[in-house]
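Below: one structure, written as structure tokens.
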Amino acid sequence: MKCKLSDIAIITMGQSPKSIFYNTEGNGYPFLQGNRTFGFKKPYFDTYTTVLTKIGLSGDVIMSVRAPVGDLNITPIDICLGRGVCSLRMKNGNQDFLYYLMKYYKPHLINKESGTVFGSVNRNDIANLEVDITIDENEQKKIAQYLSMIDDKIELNNKINNNLEQQAQAIFKSWFVDYEYFGGKAPKDWTSGILSDFVEIKRGGSPRPIQEYLSKDGLRWLKISDATGITSPYILDIKEHIKESGLKKTVLLKAGSLVLSNSATPGIPKILDVDSCIHDGWLYFPKSQLSNEFLYLYFKYIRKELVALGNGSVFTNLKTDILKKYPTILPSEKVLADFDNIIQPFFEQILTLTRENHRLNLMRDTLLPKLMSGEIDVSNIDL
């Protein structure tokens, strides 16, 4: 059945209160704006508002309508909608089907976007989106159930990974912040200094103008956005590539390298699970007396302080010298070895589940168009 989206769904556009009315302390109503928590089927909330705006009800499909267009969530609770999002409610109540329908038609919606700096779509663009769906509600539910089983497994893996990382962070804090393992103070045989005493810190590079080097294939080109949309410590999926001719003006890192963002959204540590070039918005560490796992947890712990030390008129910048001069204590070799023996199995399990999620994402994205187009017949499938 071909129809407009407004024929099958109720559309509510968000609106935003003044900035003084929202916070990150958990006071007020959960507030979602822009693409802050997209990339997962269920959003998480890091902003709250004391002023009621447009409401997205529990179970609504939430979609970003600008910068970028078409990112999706299904909200687990009633929330306040910011100006950058809208809520969609299927008139027959099949919200999971609507979620996957919008994932399928996202490219069509993006074609409608306008804006000289940030692309956006309005209510009419969304309402007039033409879709072709099966009218059989049972088939709709089967399609949604089939795809939801994959997403449910992905979200379970994410929860396990988050729990493992929280345990690793707690152990790190106990040993190297509170010194609980050492009687409440740093042992005398540890070495005080600055980070560059123990770790070589270098910056990536960018061939310019970068537009002349971007390509559909070639060398992977790590963007800050590849890191901000994921919770795993590991990066497997890098969207952009550059020509090999740009290699002389950039840095190619091997899988297993640790990187730290130093611009736009600074202070984000990630470990590459694929080879990739990095631009000058990334720092890397070719030599270190500290393991990647230790440094990852260390950077996570000091991130707020690093960001506060950064500067920049538009985007906060984390200058290399700030990191090099950051006061740091080097534990003894034995303590570091003992810590790594405890922590590395946590990270190995996280990497295993991250890789599994990557495969599941590819499977889901391959099945999505086949199920929505009817190429795969679900009428006789029992779920």
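R0 = 56 Å: FRET efficiency of ASP178 with ALA127, Cβ-based, nearest 0.05?
0.50
Between LYS249 and SER196, what is the FRET efficiency for a Förster distance of 25 Å, r being their Cβ-Cβ separation, to the nearest 0.05?
For LYS249 and SER196, the calculated efficiency is 0.55.
Considering only Cα-Cα distances, which of the following residue pairs are longer than 26 Å: LYS42/LYS106; LYS249/LYS287; LYS185/LYS324; LYS202/LYS223; LYS304/LYS324?
From LYS42/LYS106; LYS249/LYS287; LYS185/LYS324; LYS202/LYS223; LYS304/LYS324, over 26 Å: none.
ILE110 to ILE10: extension gain in nm, 0.36 nm per residue of separation minus the Cα-Cα distance?
34.0 nm
State, to one decimal in nm, how far the label point of GLN167 lies from the label point of GLN289, with both points 7 Å from Cα in the Cβ direction.
Distance between the two pseudo-spin positions: 3.0 nm.
Above 26 angstrom, tally the Cα pairs of the chain and express them as a % of all pairs, no decimals.
60
Hey, rough spin-label estimate for ILE20 and SER225, points 7 angstrom out along Cα→Cβ, what's it come to in nanometres?
With each label placed 7 Å out from Cα toward Cβ, I get 3.4 nm.
Would you please state which residues of region 217-232 a label at TYR44 would reach in this model, taking the label point 7 Å out along Cα→Cβ and a backbone N cut-off of under 11 Å?
230-232
On a 1.4 Å probe surface of the protein chains, which of GLU180, GLU240 comes out largest in accessible area, and what is the full order? Don't skip to the end; give the middle numbers.
Working: GLU180 125, GLU240 65 Å².
Solvent-accessible surface, decreasing: GLU180, GLU240.
Accessible surface of ASP226 in the full protein assembly, 1.4 angstrom probe, to the nearest 10 Å²?
Accessible area, nearest 10 Å²: 10 Å².
Evaluate the distance, in nm, between pseudo-label points positioned 7 Å from the Cα of LYS370 and of ALA337 along their respective Cα→Cβ axes.
Label-label distance for LYS370 and ALA337, simple model: 5.1 nm.
Can you check what the net charge comes to around LEU272, using other residues whose Cβ is under 12 Å from the Cβ of LEU272 (Lys, Arg +1; Asp, Glu -1)? Each step should come with its number before you reach the end.
Values: positive: ARG220, LYS254, LYS270; negative: ASP226, ASP237, ASP273, ASP275.
Charge balance near LEU272 sits at -1.
Quote the FRET efficiency, to the nearest 0.05, computed for GLU356 versus VAL307 with a Förster distance R0 of 25 Å and r equal to the Cβ-Cβ distance.
Between GLU356 and VAL307 the formula returns 0.20.
I want the local charge near LEU156. Using Cβ-Cβ distances under 12 Å, sum +1 for each Lys or Arg and -1 for each Asp or Glu among the other residues.
0
Tell me the trypsin sites (Lys or Arg not before Pro) within region 165-250 that lie in a loop according to DSSP and have at most 11 other beta-carbon atoms within 10 Å. Before the final figure, lay out the partial values.
Working: sites: LYS173, LYS185, LYS188, LYS202, ARG203, LYS216, ARG220, LYS223, LYS239, LYS243, LYS248, LYS249; in loops: LYS185, LYS188, LYS216, LYS223, LYS239, LYS243.
Sites meeting the loop and neighbour criteria: LYS185, LYS188, LYS216, LYS239.
Could you rank the peptides 92-101, 160-169 by their average count of other C-beta atoms within 10 Å per residue, with the highest value first?
The packing order, highest mean first, is 92-101, 160-169.
Using the Cα centre as the reference, give the magnitude of the dipole from point charges on the C-beta atoms of region 64-151 (Lys, Arg: +1; Asp, Glu: -1; all else neutral), rounded to the nearest 20 debye.
Dipole of region 64-151, to the nearest 20 debye: 280 debye.
Stretched out fully, how many nm does the piece from LEU214 to ILE55 gain, at 0.36 nm a residue minus the Cα gap?
53.1 nm
What number comes out for the charge environment of LEU72, summing +1 per Lys or Arg and -1 per Asp or Glu over other residues with Cβ under 12 Å away? Walk me through the numbers before you get to the answer.
Working: positive: LYS41, LYS42, LYS103, LYS106; negative: ASP60, ASP71, ASP96, ASP151.
Neighbourhood net charge equals 0.
Give the aspartates and glutamates reachable from LYS18 as a straight Cα distance under 18 Å; neighbours fewer than 8 places away on the same chain don't count.
Here the aspartates and glutamates satisfying the reach criterion relative to LYS18 are ASP46.
Using only Cα atoms, locate the centre of region 149-168 and the centre of region 270-289, then give the distance between them in Å, rounded to an integer.
The distance from the Cα centre of region 149-168 to that of region 270-289 comes to 25 Å.
Give me the accessible area of LEU156, 1.4 Å probe, in Å² rounded to the nearest 10.
Probe radius 1.4 Å; accessible area of LEU156 about 90 Å².
The values are calculated or read from the model by the stated rules, or taken from the named source; none is laboratory data. Computed from a predicted structure; not experimentally measured. All Cβ positions, glycine included, derive from the backbone under ideal geometry; neighbour counts span all protein chains shown. The protein model used for the area step is the full one, side chains on, heavy atoms only, and it has no ligands, DNA or RNA in it. Shrake-Rupley method; radii C 1.70, N 1.55, O 1.52, S 1.80 Å.
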